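The values are calculated or read from the model by the stated rules, or taken from the named source; none is laboratory data. What you are looking at is a predicted structure, and each value in this text was computed from that prediction instead of being measured. Neighbour counts run over all protein chains shown; Cβ positions are idealised from the backbone, glycine included. These accessible areas exclude ligands, DNA and RNA; they are computed on the full protein's heavy atoms, side chains included. Shrake-Rupley method; radii C 1.70, N 1.55, O 1.52, S 1.80 Å.
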Amino acid sequence: MGGGSVLLRLLLLLGAAGSATPWDLRSLHCSFSAACECDFRPDVRGLECDLALNLVGQHLVRQLVVKGMREFLQNHDPVKPLVMSFHGWTGTGKTYVSSMLVRYLFRDGVRSPYVHQFSPIVHFPHAEQIEKYKENLKSWIQGNLTNCGRSVFLFDEMDKMHPGLIDVIIPFLGPSWVVYGTNYRKAIFIFISNGGGEQINRMTLDLWHARKDREEISLQDLESAVSEAVFENPNNGFWKSGIIEEHLIDLLVPFLPLKQHHVKQCVVNELTQQGLTVRQDIIQAVADSIPYFPEEERVFSSTGCKTVASRVTFFS
């Protein structure tokens, strides 16, 4: 008799005996059969097209995220969950991409009960309660992975996370079959951080001074500097973290600073989204109103496209 039939008989026996509720049966099935897909509806092609059309100025992000997602989803028996870490200055698209990603993974997108978002300010505000937060976080992840092995966990503003807290989830990130009785290898973890943004900006500016085209910048140009910056910053959630030290991040994704023509693309996108007429005077006015660095050369936007929406409203 095959493994699936044995599991089915076990479930029926447990149900008949009244020793498990339907919730318990579902949890058992998800934990040990690795078959719980929930409302998981991945569409990598749609993600790729949306990134190409709407993500402004981030060639590395498009390449890394699409390739990483495709390879992970094609593997029906991954040895570990997919762990991605998004790094870059404010307004460069980190939150935008994470929201887009879950929209192409789950039928209900960010509203899916299997997408879990954590904010250090909202969920872990008090440093003196870090041990309590650790226990709560471990239990929360374990419980939700038991409910759905295809869960996605988003950790926002890692640069504001209490150092040491995030290491409690290390057992869920590495290669193993089962942790705390939970099958977790099909989960996705995404860390979002401004940490390393200064290094990315500085190196991008240095390469611009060296007349290297922005589109020629590779992950190898940035990866080690970003990892070192977040690992050695005592105010960062990844400070001295085993997640970095044990190389548990599969994809470190750098978001580059945006130039003025990228900001103009963001203005066009925002005008279109709001159903407004795309006018060159508005595009130029919004682009000119945004601060750029270095102050003398005004090469890169200091705030990316973060304030574009409010400025479009003001100038329209």
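Computed quantities for the displayed model
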quantity: Entries of Lys134/Lys240; Lys240/Lys306; Lys67/Lys240; Lys160/Lys259; Lys80/Lys132 with Cα pairs more than 24 Å apart; calculated: Lys240/Lys306; Lys67/Lys240; Lys160/Lys259; Lys80/Lys132
quantity: DSSP-loop trypsin sites (Lys or Arg not before Pro) across the stretch 236-299, with at most 16 other Cβ within 10 angstrom; calculated: Lys240, Arg279, Arg298
quantity: Low-density loop cleavage sites - trypsin sites (Lys or Arg not before Pro) in the stretch 72-127, where at most 14 other Cβ are within 10 Å (DSSP); calculated: Arg107
quantity: Probe 1.4 Å, accessible area per residue of the chain, Å²; calculated: 49 Å²
quantity: Value at 222 nm in deg cm²/dmol, rounded to 500, when DSSP H runs of n ≥ 4 in the chain each add -39,500 (n - 2.57); calculated: -14500 deg cm²/dmol
quantity: Calculated FRET efficiency for the pair Ser218/Arg45, C-beta based, R₀ 22 Å, to 0.05; calculated: 0.35
quantity: Exposure rule at most 16 other beta-carbon atoms within 10 Å, DSSP loop GluC sites (Glu not before Pro): the chain longest free segment; calculated: 38-231
quantity: Student exercise, the chain dipole from Lys, Arg, Asp, Glu Cβ charges, in Debye to nearest 20; calculated: 940 debye
quantity: Top positive-direction residue, dipole computed over the stretch 167-253 with Cβ charges, set Leu205, Gly195, Ala229; calculated: Gly195
quantity: Fraction of accessible area attributable to carbon and sulfur, the chain (%, probe 1.4 Å); calculated: 54 percent
quantity: Using alpha-carbon coordinates, inclination of helix 94-103 to the longest axis of the chain, degrees; calculated: 40 degrees
